[in-house]
Amino acid sequence: MAEVAFRNIQKSYGKTKIIHGITFDIAEGEFVVLVGPSGCGKSTLLRMIAGLEEITDGEIRIDGRVVNDLDAKDRDIAMVFQSYALYPHMTVRENMGFSLRLRSADAGLTSQRVNEAAKILNLDSLLDRYPKELSGGQRQRVAMGRAIVRDPKVFLFDEPLSNLDAKLRVAMRAEIKSLHYRLKTTTVYVTHDQIEAMTMADKIVVMHDGVIEQIGTPLDLFDSPNNLFVAQFIGSPSMNVVKGQVSSDSSGKLCVRVADSLWPISEKVNVGLGRDVFYGIRPTDMHLTTQDLGISAQVIVVEPTGAETELLLRVGNDQITLVVQGRVNLRPDERVFLNTNTEKVHLFDANTQIRIQ
C-alpha cells in the first residue's frame, strides 16, 4: 500500500490545456474514484499516475517518491484497462503470471501467486482456457488477477466495467469492492458512471473540464454539493433544477417563484428577497399532494419499475422527474400537484452557481 499525492498537476497537448493545476491526496489503502463527464481529464490523470502520459508541470508522488521521470515499469503500480488487454495466444494462467515472468521471478513463486489470485477471483477452473473461451466478466476477472499477482503498491482501474452488460456491471462492482476490502491496496478508479462512483468509493473526486469541482465521501457529495454541476452530476435520476427568484407567499414564508409557481424553501436558508437562484430538489424528495397545497404539473411519461414509479412531469416550461414508491394510476397529460421536502432543497446562486448555505 502507498499514499499518492498530486501537487499542481498540469497537462497540455501543444497549446491545448487538459489538466489545470490539480492538487489532492489519496491516503494509504483508500479507494478513490475519479468521476466526471467524457473529456474532463480523469483518464489522462490516471495515465499520468501510471507513467503512460508525461506530466507537463507539477509532481506526482507514490509512497513519498516523486515518479514524474520514472518509467511505468518502475512505479510499482498495476493497471486494469477497459479493453482487458489480454494476450489471446496465452492461457489464463500464462496471462496472469506474465508480468512476473518478465521480471524473471521464481517459477514456484509465480505459480503460487497465480493460484492465490485465481482462488480469490474464482478462476481456478479456468486457468487452462484461452481468452476467446471466456465471457466478458471472466476476462475482466483475469485482468484483475494479473494485477493482483504483481502485488503492487497501487491499483489503477480505467473504466473496467464499461464493456459489460448492466447485470454483470452490478456484480463486478461488488466483486471489485470486496477485493479491495480483502487486499486493502490503494486504488484509483476512473469512471463516467456516477452510480459506480457512489457505490464503490471511499472518496470521490468530481472533475469537470480539467479541474476538481469537489472531493468528498459519496454521501457528502449527494447531500451537500458545492455547486450546480456536482448537484446535477451526482445522483440518479439527477437532481431537478429550475430557475427562479426568491419571493414570499401570501403568509410571508420564503419561497422561489418559478414562472407562475411558488416553490417552498426552508426557513433556515439565509437568502434575500429578489435574488435570482437555481432551485434544486432530488426526485425522491418530492411527493404528490392535493391541489390546494401543491405545485401544478402535467404528466408527460409514466415509467413503472416495479417497486417504484418514475414520472416525467412538466411544470411551466421546465421538465422535472418524480420518483414515487410503489405504483400510481396516472396517464400522460393528467394534472397532478407536488410538494417538496423543504429541508432537502438546495439553492444555487444564478450567477456563480455556488450553493447558498
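The values are calculated or read from the model by the stated rules, or taken from the named source; none is laboratory data. Computed from a predicted structure; not experimentally measured. Quick reminder, even Gly has a Cβ in these numbers, built from the backbone with ideal geometry, and neighbours come from all protein chains shown. Just so you know, the surface numbers come from the protein's heavy atoms only, side chains and all, with ligands and any DNA or RNA stripped out. Shrake-Rupley method; radii C 1.70, N 1.55, O 1.52, S 1.80 Å.
What to note about this one:
- Histogrammed with a bin width of 5 Å, the alpha carbon distances of region 248-312 distribute as 3, 12, 22, 24, 16, 11, 7, 4, 1 percent, first bin at zero.
- Once both labels are positioned 7 Å from their Cα atoms along Cα-to-Cβ, the gap between I354 and D249 label points is 3.1 nm.
- Note on region 1-46: Kirkwood radius taken over Cα pairs, Stokes-Einstein applied at 10 °C and 1.306 mPa s, translational D equal to 135 µm² s⁻¹.
- Violating pairs (Cα-Cα greater than 26 angstrom) within the set K243/K268; K42/K268; K203/K268; K119/K177; K203/K243; K167/K203: K42/K268; K203/K268; K203/K243
- Residue-by-residue Karplus 3J(HN,Hα) for region 59-65, coefficients 6.51, -1.76, 1.60, Hz, glycine and proline x: 9, 10, 10, 10, 6, x, 9
- Under the criterion of Cα pairs below 8 Å and six or more residues apart, the relative contact order for region 273-357 equals 39 percent.
- Placed amide H near F157: partners under 5 Å, 5+ positions off or other chain: V80, V188, Y189, V190
- Viscosity 1.306 mPa s, temperature 10 °C, Stokes-Einstein D of the chain from Kirkwood C-alpha radius, µm²/s: 69 µm²/s
- Evaluated at q = 0.17, 0.19 Å⁻¹, the base-10 log of the normalised Debye intensity for region 218-357, with identical point scatterers placed on the Cα atoms, takes the values -0.93, -1.15.
- Two-site FRET efficiency, R65 against N339, from Cβ-Cβ distance with R₀ of 51 Å, rounded to 0.05: 0.35
- The heavy atoms of R113 present about 70 square angstrom of accessible area, all protein chains included, probe 1.4 Å.
- In region 7-89, the ratio of gyration radius to Kirkwood radius, Rg to Rh, stands at 0.97 when only Cα atoms are counted.
- Semi-axis lengths (Å, descending) of the ellipsoid that matches the C-alpha gyration tensor of region 204-290: 27, 15, 12
- Residue-span extension gain [D151 to A85] - 0.36 nm each, minus C-alpha spacing: 21.9 nm
- Here the average projected area of the convex hull drawn through the C-alpha atoms of region 39-167 stands at 9.2 nm².
- If you look at the Cα atoms of region 167-236, you get an Rg and a Dmax of 12.6, 36 Å.
- Inverse mean reciprocal Cα-Cα distance (Kirkwood Rh) of region 277-357, Å: 13.5 Å
- Of the listed residues S178, S261, S250, the order by accessible area with a 1.4 Å probe, largest first, is S250, S178, S261.
- Relative intensity of region 78-230 on a log10 scale, I(q)/I(0) at q = 0.20 Å⁻¹, equals -1.24, per a Debye sum over C-alpha point scatterers of equal strength in the absence of solvent.
- Contact order normalised by residue count of region 140-198, Cα under 8 Å, 6+ apart, percent: 45 percent
- Between N163 and I300, the C-beta separation translates, for a Förster distance of 41 Å, into a calculated FRET efficiency of about 0.80.
- Among the trypsin sites (Lys or Arg not before Pro) found in region 228-259, those both in a DSSP coil and sparsely packed, with 16 or fewer other Cβ atoms within 10 Å of their Cβ, are K253.
- Counting only the Cα atoms, region 154-278 fills a convex hull of 155 Å³ per residue.
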